[in-house]
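The values are calculated or read from the model by the stated rules, or taken from the named source; none is laboratory data. In this text the structure is predicted, and so the values were computed from the model without any measurement. Cβ atoms come from the backbone with ideal geometry, glycine included; neighbour counts cover every protein chain shown. These area figures cover heavy atoms from the full protein model, side chains too; ligands, DNA and RNA do not enter into them. Shrake-Rupley method; radii C 1.70, N 1.55, O 1.52, S 1.80 Å.
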Amino acid sequence: METKNKAMLSGQHFMNGDVACAEGAIAVGCRFFAGYPITPATEIAERMARRLPQVSGVYIQMEDELASIAAVLGASNAGTKAMTATSGPGFSLMMENIGLAVMTETPCVIVDIMRGGPSTGQPTMPGQQDVMQARWGSHGDYEIIALTPSSVQEMFDLTIEAFNLSETYRVPTFLLADEIIGHMWERVNIPSAKSIKVVNRKKPVTPPSEYGPFKPDEDLVPPMACFGEGYRFHATGLTHDEYGRPKTDSAEVQQDLVQRLCEKIRRNSDKIVKVDRVLLEDAEVAVVAYGIASRAALSAVRKARAQGIKAGLLRLVTVWPFPDKQVEEVAQKVKALVVPEMNYGQIVREVRRVAKETPVIFLSKLGEEPHKPLEILDALGEFRK
Amino acid sequence: MTKKQLEMKHPYERFLRKERMPHIWCEGCGNGIILNCFARALDELDIDLNNVVVVSGIGCIGRISGYVNADSFHTTHGRPIAFATGAKLAKPELKVVVISGDGDLFAIGGNHFIHAARRNVDIKVICANNFVYGMTGGQYGPTTPLEAWTTTTPYGNIEQAFNLVHLAAASGAVYVARWTALHVRRLTESIKKALQKEGFSFVEVISQCPEIYGRHNKMKTAISMMKWFKEASEVRNFSDPAKADISPSRIIVGEFVDVEKPSYGRLLREMKAKLQTE
Ligand SMILES: Cc1ncc(C[n+]2csc(CCOP(=O)(O)OP(=O)(O)O)c2C)c(N)n1
């Protein structure tokens with residue numbers, strides 16, 4: 001694969017998920033990557049180290065993940081699209097500054113190629129154990145966006161989408177994949193540069209003297225000035241007013257700020273959330289799955305159909321904000337929901353919350369192997385007429 | 001303050017966000033002197049403020065980023081250098097200055113300091129060393145002298161202190177200086193030098209904290225702390241930083257390192273240029 005001096009690849013390529021993620025980032029204009037090697041995300045860093053200098057970008061290997069995420073925030077505030085990639089242990093180290101990104105509304109993309117945890121766990125084995133951490137890992141109340149690719153093609157497509165969402169809403173956006181999706185090789189169709197949708201953060205239209213870096217427009221997102229543009233803005237992780245002034249003892253400012261940080265995502269969730277609906281029209285039982293587990297789920301649903309079981313699949317492309325409406329809609333139509341996850345029960349909690357009376361069957365999987373279609377089919381088999 | 005004093009224009013007003021005043025620092029604190037010297041350095045060099053970014057961590061001195069009238073970012077505790085590294089590499093035309101405390105830069109953030117110095121990232125780091133964690137009410141830190149009383153060394157400190165200029169020099173900084181808050185002229189000159197130098201430059205400012213440190217260590221007022229600086233400090237330019245440990249009787253100040261070495265940013269640009277022509 002010859003990539004030298006090419007801003008972007010196009011056409012059909014055979015590559016692994018980590019490489020596809022790096023190529024998606026480059027295609028959408030990411031020009032800064034700071035990271036620290038960790039299995040199974042290292043190939044993203046390696047690809048970025050080779051590719052970014054070719055497109056006049058910056059790759060830097062920092063001393064740890066605390067530094068990596070901090071450098072990403074610095075680069076983003078200097079006006080560059082920036083990202084980092086890691087796995088569980090590194091993800092844990094990033095949590096405090098993910099909160100700073102939320103609080104200072106710094107766009108950035110954080111890729112977590114999930115492996116088995118807790119702690120060092122199983123570095124080379126897949127997992128979906130960090131989905132709750134992505135949502136709640138930093139302290140305080142906030143909302144973020146998280147996407148869950150289930151193929152190498154989606155590693156490319158959803159990395160682009162993650163940047164676009166992050167720039168639109170000025171919010172850290174996560175790409176949550178796992179060891180299998182990261183290391184798996186598949187064919188990827190890369191469209192021409194022209195046909196790729198690229199969203200950039202909106203810039204201030206007011207003169208510097210009137211500019212409030214945290215003064216929102218109607219969509220609750222403030223226009224973003226960057227370093228060196230003459231706005232001389234101040235940003236802080238402290239609770240602040242619309243002008244970035246610390247307000248550490250005002251209940252009102254705290255209320256308004258936290259509310260806006262949450263509502264800018266909640267109120268726009270219809271625009272953010274993406275799901276994939278398969279054979280749900282007449283379904284009597286449905287699988288709700290995301291990422292690696294959704295691949296076996298799709299196969300199980302097809303097999304079930306062949307056996308006369310009216311099964312369908314709701315694949316979550318977005319896990320955060322949680323697709324409440326979409327899951328609820330399916331839950332109301334079916335007799336039961338089946339949720340396979342490579343963890344000990346995380347997204348299933350959300351599914352149960354919105355499914356209300358509808359029974360939810362949880363299929364946990366830990367360790368080396370993903371769910372087998374037959375295991376999911378077994379659960380669906382109970383609904384054979 | 002009288003009305004007349006309030007109405008007087010400060011000579012460095014254009015460097016300050018006036019609406020943020022009054023600042024949070026205690027009476028007698030050295031942080032105001034550091035801010036003043038920084039403003040004076042910018043003024044004397046006639047640097048375009050639109051190109052300056054001030055990055056700070058958390059602590060009393062960390063609030064400085066909110067007071068300067070430039071682009072500024074108040075990051076998390078310990079991370080200003082890593083943040084500044086990203087900002088500088090993403091936009092090399094910026095002058096990126098980190099101003100933070102001894103705890104922020106050398107305890108929780110120590111790893112970032114040594115690695116940024118090793119890489120020779122073109123950022124300027126000014127450390128307000130007040131020997132203590134001021135913001136949290138006076139606990140000991142990596143620069144607290146032996147035997148000092150702090151709220152977490154109630155029987156006297158038994159930890160050895162870092163010699164910051166030695167650490168900076170050993171880590172690869174191209175410019176290293178130490179002054180006390182009493183040496184305003186020489187401190188300003190060192191800040192100016194740091195601002196003009198290519199590469200990782202470090203200026204340590206020994207700063208008085210009468211309220212939270214001095215009071216408990218036989219120096220009740222700012223004046224008595226500064227008297228200590230005056231009596232103990234010894235200017236020894238380009239002396240061995242390894243021998244510049246601070247003791248009650250001796251604070252060696254001066255410039256310790258001033259060398260030329262290509263910065264990380266320069267090597268990066270050269271690498272990219274080579275790739276373009278290949
Ligand atoms: C992760 C984290 N741990 C602890 C703190 C609490 N904290 C705030 S400032 C500070 C020490 C600051 O000391 P120093 O950097 O020397 O600055 P000073 O306040 O003395 O100017 C500490 C421990 C924090 N904000 N974040």
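Regarding A:SER192, is this residue closer than 17 Å to A:ALA27 by Cβ and in contact with a strand residue (DSSP E or B) (Cβ under 8 Å, 6 or more places away or on another chain)? No, not satisfied. For residues in the stretch B:122-139 being polar (S, T, N, Q) and within 6 Å of the ligand (Cβ to nearest atom), which is farthest from the other protein chains (Cβ to nearest Cβ)? Of everything passing the filter in the stretch B:122-139, B:ASN130 is farthest from the other protein chains (Cβ to nearest Cβ). Within the stretch B:198-220, the residues that satisfy the criterion of being out of contact with any Leu (no Cβ under 8 Å at 6 or more places or on another chain) and within 17 Å of B:VAL184 (Cα to Cα) are B:ILE206, B:SER207, B:GLN208, B:CYS209.
Listed by position, the helices (runs of 4 or more DSSP H) contained in the stretch A:16-96 that have at least 2 residues being at the interface with chain B (Cβ under 8 Å from one of its Cβ atoms) are A:65-77.
Looking across the stretch A:242-266, the residues that are in a loop (DSSP other than H, G, I, E, B) and surrounded by 13 or more Cβ atoms within 10 Å (Cβ to Cβ) come down to A:GLU242, A:TYR243, A:GLY244, A:ARG245, A:LYS247, A:SER250.
With a requirement of 2 or more residues that are away from the ligand (no atom under 16 Å from the Cβ) and either farther than 23 Å from B:ARG269 by Cα or open to solvent by 30 Å² or more (accessible area, probe 1.4 Å) (or both), the helices (runs of 4 or more DSSP H) lying completely within the stretch B:12-101 that satisfy it span B:31-45.
Only residues that are more than 7 Å from every other protein chain (Cβ to nearest Cβ), touching a residue at least 60 places away in the same chain (Cβ under 8 Å) and either within 18 Å of A:ASP64 (Cα to Cα) or within 15 Å of the chain's Cα centre (by Cα) (or both): list them for the stretch B:65-98, please. Selection gives B:VAL97 alone. Can we say B:GLY172 is within 14 Å of chain A (Cβ to nearest Cβ), at positive phi and more than 16 Å from the ligand (Cβ to nearest atom)? Yes: the conditions hold for B:GLY172.
Please tell me if A:ASP276 is open to solvent by 10 Å² or more (accessible area, probe 1.4 Å) and within 24 Å of A:TYR169 (Cα to Cα). When the stated conditions are applied, A:ASP276 passes them.
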